[in-house]
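Enquirer: One structure follows; several queries about it will come next.
Values quoted throughout were computed directly from the atomic coordinates according to the rules given, and no laboratory measurement underlies them. In this text, all values refer to a predicted model and were calculated from it rather than measured experimentally. Don't worry about glycine lacking a Cβ; one is built from the backbone with ideal geometry, like all the others, and counts go over all protein chains shown.
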There are 2 protein chains.
Amino acid sequence: MVNSGVEFGSVDWVLNHLTEDKHSSVLKAALMELPAADVANLLESMPPEQRHDLWELIPPEHEGEILTWLHDEARASIINDMDEKELVAAADSMEVSDLAFVLEELPRDQTDLILESLDMDRRLRLEKVLSYEDGTVGRLMTTDVMAVRPDVTVAVVLRWLRRHETLPPHTDALMVTSSEGGFMGKVAMNTLLLSSPERMISEVMSGDTEVVMAQASEQEVTALFNRRDLISVAVVDEQHHLIGRITLDDIVDAIRSDAEEKVMKSAGLDQEEDLFSPVIPSAKRRGVWLGINLITVFAAAWVIGQFEEALGQIVALAVLMPVVASMGGIAGSQTLTLAIRGLALNQIASSNTRWLLMKELAVGVLNGTVWAAVVAVVAWFWFNDIGLSAVIAAALIFNLLAAAVSGILVPLTLKKLGIDPALSGAVILTTVTDIIGFLSFLGLATLFLL
Amino acid sequence: MVNSGVEFGSVDWVLNHLTEDKHSSVLKAALMELPAADVANLLESMPPEQRHDLWELIPPEHEGEILTWLHDEARASIINDMDEKELVAAADSMEVSDLAFVLEELPRDQTDLILESLDMDRRLRLEKVLSYEDGTVGRLMTTDVMAVRPDVTVAVVLRWLRRHETLPPHTDALMVTSSEGGFMGKVAMNTLLLSSPERMISEVMSGDTEVVMAQASEQEVTALFNRRDLISVAVVDEQHHLIGRITLDDIVDAIRSDAEEKVMKSAGLDQEEDLFSPVIPSAKRRGVWLGINLITVFAAAWVIGQFEEALGQIVALAVLMPVVASMGGIAGSQTLTLAIRGLALNQIASSNTRWLLMKELAVGVLNGTVWAAVVAVVAWFWFNDIGLSAVIAAALIFNLLAAAVSGILVPLTLKKLGIDPALSGAVILTTVTDIIGFLSFLGLATLFLL
C-alpha cells in the first residue's frame, strides 16, 4: 500500500517506511542487501531524527564499513549517538587506514577508548599510520600487503599462495623484499601466471618499479597514478623499507574528494558540510563567509559614496552602475577559472605568463568593444543621453581589461603567497571588478557629464 | 648556461630550450623520457608557435598516445598542423577506444582518411565503438578482453595463458563466455592462482558478478565502480554477449573530466577550452556567456529604474543597495552549492525537501538577523538616519530568506526541466537575489522614507 511507484532503496522509499514503522523489518532486510556506500548515502539523506532511527536498524557488523563511507560531519552526528560498546565493535571491523581516518575526527576520550580496545598488532599498525600527517601517503596507504623474498622460485610462491583462502583486495602484485624488509621490487600476479614455475622471483620481478615515500603528499601520488596508469604502488619509509601500498581505489576517493572540495570551497563551504546538519552550527560556519563578503561589499559601497554629487544629479548613474560592475565580474571569473585550472595542471610558468596576459587582454578588448556597443545603444534608448552612453561604454571596456589582468594576476599572486586561489580568488577578483567598475563609471561621469 | 635553477622537464625549462634552439637535441632526448601525459601537458602549456615547434620534436611513434592525453581544443590545434601521412601513422598506434574519442572531433575528410587506413579487424572494432553514443559505456570500454569457456580446467587455462607474452593492461580477471559469446561470469586472476589446477572454470568462476550494458551512461558505471570497489567490469550488448570491459583507470579519467567540467561550466566555459587558444574563437565562446549575463543585469537595472524618485531624493540608497543584493547572492550560492551536491548524490527527494527548506530558512533568519544588525549599525554611523538603518536591515533579512528558498527551488526546478543546475543555477539564482534585493530595499525606502 505504501510506496507505490517509489523505487526500492531510494530516499523516498526509506523515509516512507521509517515514517510508517520505525522498526520496519522490510527496511531492516533492505539494509542488509544494499552496499555500504548506498546505506551511508541514505543516512546522509535523512533529517536528524530519521537518521537516528535508520541507524538503529543497521546490523552492528555492518556499522564499521558504513561509518567509513560517511562525510565527517554526518559521521560525527552518528557517532554521538553510539554507546561505548557499539563504537568499539564498529572500530573492530574497520580497516586500519579507515580507522585512522575516523579516529582523527573523534574527541580525545573516544579515541583512547578505541585504542585501548584494539589487539596489539592492529594497535601498532594504527599508531604507525597515525604517525604520518593528514594528507600524506602514510595516511592513505593500506598496511595489508603481501611480500616474498627474491631467492625463491615461482613454484614456491604459487604453493604458498594456494595456502591462502583469499588475498587482500586489489592485490595485483606481490612486493619483493630483502630479509631486512628493504623494498626490492614487485612481481605482478599476471607475471606469476605466465612464468615457468622453476624461475626465480629475482628473474621475473621488476626492479625499476615506482615507489612512494610515506611522507609524500596525496597530490603527488595522485599525479603519479594518473601519469603512469598504475593499479597499486609500494609505500616505503625513510630506510626504503616496505610499509604498505596504495591502490587505485584509494586514489579515486582522493580525486573525488578533491573535486568536491574545490566546488564547496568556492562558495565558502566546508566539503564535509552535512546537508541535514542542525541550524546553529550551519549558520555559524556560513556566517563567516557572509562577513568576509560584507567587508568587500562595504569597500565597494564606500567607492560609490565618493560620488554622491554625481549620483544626486544624474539618477541614471545609479540605475546603470551594476551593469559595469557585473560584466567585469563575469569576464574576470572566466579568466580566473581558466588560470586556476592552468595553475593546478602546472601549465602556467614565468615564461608564458606574458603571452597569456596579452591573450586575455585581447579577448577583453574584443568582448569589451562588442558589449560596450550594445550597452551604449540600450542606454541611449533608455535615457536618451549620448554622453551617458559614451561614458558607460568606456567604463565597460576599461573594466573588462581590469578583469583580464586581475583574472591572471590574482591567482598567480595568491599561489605565490601560498593561498589556494580556489578558495579566495573569486572574492578578491569580484572586489576588484566591482571597485574598478564603480570607480571608472562614476569617475568618468563626474569628469564629463557634470 | 641556460636554465640554471629551472627544473628539468618543467614548462620554463622547455620554453627556454625552445627559444634557444628549436631543434634542440637535449629537448628531443627529454621528450623520449617523459611519460606521454607529461608531454601532452607541456604541449598545452605552450603558446601556438612554441606548441608547433615542440610537436615537431616528438618522435612519430609517440604521437598517437600523446594525442589521446590532450584536451579537445589543444588536440585540434595540433592535428591541424599534421599532414595526412603523420595523422594515419598516429592513428595506427592508438587503442580503438582512444581513436574513437579522437575521431569524433575531427572533420569528416580526416575521419574518412583514417578509417580507410585501418586494417579490417581494427576498423570493425572501431565502428562497433562508434555505433554507441558519446558518454555511454560503449564509448568508454576497451574491446581488448580475454575470455575462456566454463567447461575447461584451471590447468588448461593456465597453460593457455602461459602461451601469451603479456596480457592486456589491467587484466584482473578472465571473462567466461558460452560458445555463442554469451557472458556467463568471470574468474579473477588471483582465483586462478589459488585454485587447484584440476578444478573446472565453471566451479571457480563467480557467476553473479556485475555487468554493464554498452548503452548505459558514464554516470551509471562510475557510480557502480564507486559503490562496489571494482577494478574491471564486463560490458555486454542487448543479447548479453560480451563485447568489452571497462577498467578503473577509464573511470578515473571520467571522474576527473567530470569534475573539471563542473568547475568550467559554472563560469560559462567549455571544459575543453585551451589556455593558449587564439583570441578570436576564445572571445566568441566567452562572449555568449557575457551576453546572457547582460540580459540578467539589465533586468536588475530595470528594477532599479522603477525607483528613480527615491534614488533622486536619497543618494544613500544608491550607495547601500549593492550591499543588500550582494549578501543575498552569497548566501544563496551557499545553499545552491549544497543543494547541487545533494542532487548529484541523490540525497534530495520529495520526502525531505520540506525539512531542507525549513532548515535553510532558519539559517537565513539567523544569519540575516546577525548581519542585518551589523549593516544597520554601519549605515547609521555613515548616514545617521535611523529610518534608513531599519529599512536596510529589513531588506537584508528578506533577501536572505529569498536566497534560501531559491537556493533550494532553483536547482530542483532546473533538474525537473532536465537542465543541469551546475551550468545555469548560479546565473538564475543571482538574478533572483539581485532583483529581490533591489526591490525590497528600494521598495521599503519608497514606502517609509519618502
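Enquirer: If R0 is 56 Å, what FRET efficiency do you get for residue A:409 and residue B:198 from their C-beta distance, rounded to 0.05?
Expert: Efficiency, from the Cβ-Cβ distance: 0.20.
Enquirer: Given the DSSP H assignment, sum -39500 (n - 2.57) over each helix run of at least 4 residues in chain A and divide by its residue total; what's the result at 222 nm in deg cm²/dmol, nearest 500?
Expert: For chain A, the value works out to -21500 deg cm²/dmol.
Enquirer: Ignoring solvent entirely, what values of log10 I(q)/I(0) come out of the Debye formula for the protein assembly as shown at 0.04, 0.05, 0.10 Å⁻¹ when each Cα is a single scatterer?
Expert: One equal scatterer on each Cα of the protein assembly as shown leads to -0.22, -0.34, -1.29.
Enquirer: When the Karplus curve 6.51 cos²θ - 1.76 cosθ + 1.60 is applied with θ = phi - 60°, which whole-Hz ³J(HN,Hα) does each residue of region B:179-189 get, with x for Gly and Pro?
Expert: 5, 8, x, x, 6, 10, x, 9, 10, 5, 4
Enquirer: Determine the distance separating the Cα centre of region B:266-322 from the Cα centre of region A:181-214; give it in Å without decimals.
Expert: Centre-to-centre (Cα) distance: 60 Å.
Enquirer: Name the residue from B:120, B:18, B:54 whose Cα lies farthest towards the positive end of the charge dipole of region B:11-135, charges +1 on Cβ of Lys and Arg and -1 on Cβ of Asp and Glu.
Expert: Working it through, the farthest residue towards the positive pole turns out to be B:120.
Enquirer: Another question, if that's okay. Tell me the net charge near residue A:65. Cut-off is 13 Å between Cβ atoms, residue A:65 excluded, with +1 for each Lys or Arg and -1 for each Asp or Glu.
Expert: Result for the neighbourhood of residue A:65: -4.
Enquirer: Quick check on packing: order B:153-163, B:355-365 by the mean number of other C-beta atoms within 10 Å, highest mean leading.
Expert: B:355-365, B:153-163
Enquirer: Another question, if that's okay. Starting from 0.36 nm per residue, how many nanometres of slack lie between residue A:302 and residue A:353 once their C-alpha separation is accounted for?
Expert: Length difference between fully extended and current span is 15.0 nm.
Enquirer: Using modelled amide H (1.01 Å from N, peptide plane; none on Pro or chain starts), what sits under 5 Å from the amide H of residue B:243, excluding residues fewer than 5 places away?
Expert: The list, which skips near neighbours in sequence, is B:235, B:236, B:237.
Enquirer: Then there is this: Please report the orientation-averaged projected area of chain A, defined via the convex hull of its C-alpha atoms, in nm².
Expert: 31.0
Enquirer: In addition: Using 0.36 nm times the number of residues separating residue A:345 and residue A:23, minus their current alpha carbon distance, what extension gain do you get?
Expert: Contour length minus the Cα-Cα distance gives 110.8 nm.
Enquirer: Residue by residue through region A:215-226, which ³J(HN,Hα) values in whole Hz follow from phi under the Karplus form 6.51 cos²θ - 1.76 cosθ + 1.60 (θ = phi - 60°), with glycine and proline marked x?
Expert: The phi angles translate into 7, 4, 7, 3, 4, 4, 6, 4, 4, 4, 4, 5 Hz.
Enquirer: Ranked highest first by average number of other Cβ atoms within 10 Å, how do A:292-305, A:422-435 line up?
Expert: Packing proxy ranking, top to bottom: A:422-435, A:292-305.
Enquirer: Further question on the same structure: Report, as an integer, the average count of C-beta atoms from other chains found within 10 Å of each Cβ along A:8-17.
Expert: For peptide A:8-17, the averaged partner shielding equals 3.
Enquirer: Also, quick follow-up: Mind listing the long-range amide H neighbours of residue A:6? Cut-off is under 5 Å, sequence gap 5 or more, other chains count too, H placed in the peptide plane at 1.01 Å from N.
Expert: Amide H neighbours of residue A:6: none.
Enquirer: Mind checking A:36-46 for the average number of partner chain beta-carbons within 10 Å of each residue's beta-carbon?
Expert: Shielding by partners across A:36-46 averages 3.
Enquirer: Using only the Cα atoms of region B:11-135, what are the Rg and Dmax in Å?
Expert: Rg then Dmax for region B:11-135, in Å: 15.1, 48.
Enquirer: Nearest 0.05, what FRET efficiency do residue B:380 and residue A:373 give at R0 = 45 Å with Cβ-Cβ as r?
Expert: 0.60
Enquirer: Shielding of B:364-370 by partners, i.e. mean partner chain Cβ atoms within 10 Å per residue?
Expert: 4
Enquirer: For every other residue with a beta carbon closer than 12 angstrom to the beta carbon of residue B:156, add +1 if it is Lys or Arg and -1 if Asp or Glu, then tell me the sum.
Expert: Local net charge: +3.
Enquirer: Once R0 is set to 51 Å, what does the formula 1/(1 + (r/R0)^6) return for the Cβ-Cβ distance between residue B:292 and residue B:151, expressed as a FRET efficiency to the nearest 0.05?
Expert: According to the calculation, E is roughly 0.25.
Enquirer: Between residue B:279 and residue B:217, what is 0.36 nm times their sequence separation minus the Cα-Cα distance? Round to one decimal in nm.
Expert: Between residue B:279 and residue B:217, full extension yields an extra 18.8 nm.
Enquirer: Follow-up. With θ set to phi - 60° and the Karplus curve 6.51 cos²θ - 1.76 cosθ + 1.60, what are the ³J(HN,Hα) couplings of region B:262-269 in order, to the nearest whole Hz, using x for Gly and Pro?
Expert: 3J(HN,Hα) across region B:262-269, in whole Hz: 4, 5, 5, 4, 5, 9, x, 10.
Enquirer: Could you compute the net charge surrounding residue A:55? Neighbours are other residues with a C-beta less than 13 Å from the C-beta of residue A:55; K and R count +1, D and E count -1.
Expert: -4
Enquirer: Taking H placed 1.01 Å from N in the peptide plane, check which residues at least 5 places from residue B:199 or on another chain put their amide H under 5 Å from its amide H.
Expert: Excluding prolines and chain starts, which carry no amide H, the hits are B:154, B:155.
Enquirer: Next question, about the same structure. Hey, which of these cross-link pairs are over 24 Å Cα-Cα: A:262/B:416; A:265/A:359; A:265/A:415?
Expert: Beyond 24 Å: A:262/B:416; A:265/A:359.
Enquirer: State to the nearest 20 debye the size of the charge dipole of the protein assembly as shown about its Cα centre, where the only charges are +1 on K and R beta carbons and -1 on D and E beta carbons.
Expert: So the magnitude is around 1620 debye.
Enquirer: Treat every Asp and Glu Cβ in chain A as -1 and every Lys and Arg Cβ as +1, leave all other atoms uncharged, and give the resulting dipole magnitude about the Cα centre to the nearest 20 debye.
Expert: 2160
Enquirer: Considering the options B:30, A:292, A:377, tell which one lies farthest towards the positive end of the dipole of the protein assembly as shown, charges being +1 on Lys and Arg and -1 on Asp and Glu at the Cβ, about the Cα centre.
Expert: Result: A:377, furthest along the dipole toward the positive end.
Enquirer: Less than 16 Å apart at the alpha-carbon level, and either on another chain or at least 8 residues along: which aspartates and glutamates does that give for residue B:284?
Expert: A:360, B:73, B:270, B:272, B:273, B:274
Enquirer: Work out the length of the dipole vector of region A:11-134 about its Cα centre, built from +1 on the beta-carbon of each Lys and Arg and -1 on the beta-carbon of each Asp and Glu, and round it to the nearest 20 debye.
Expert: I would put it at about 140 debye.
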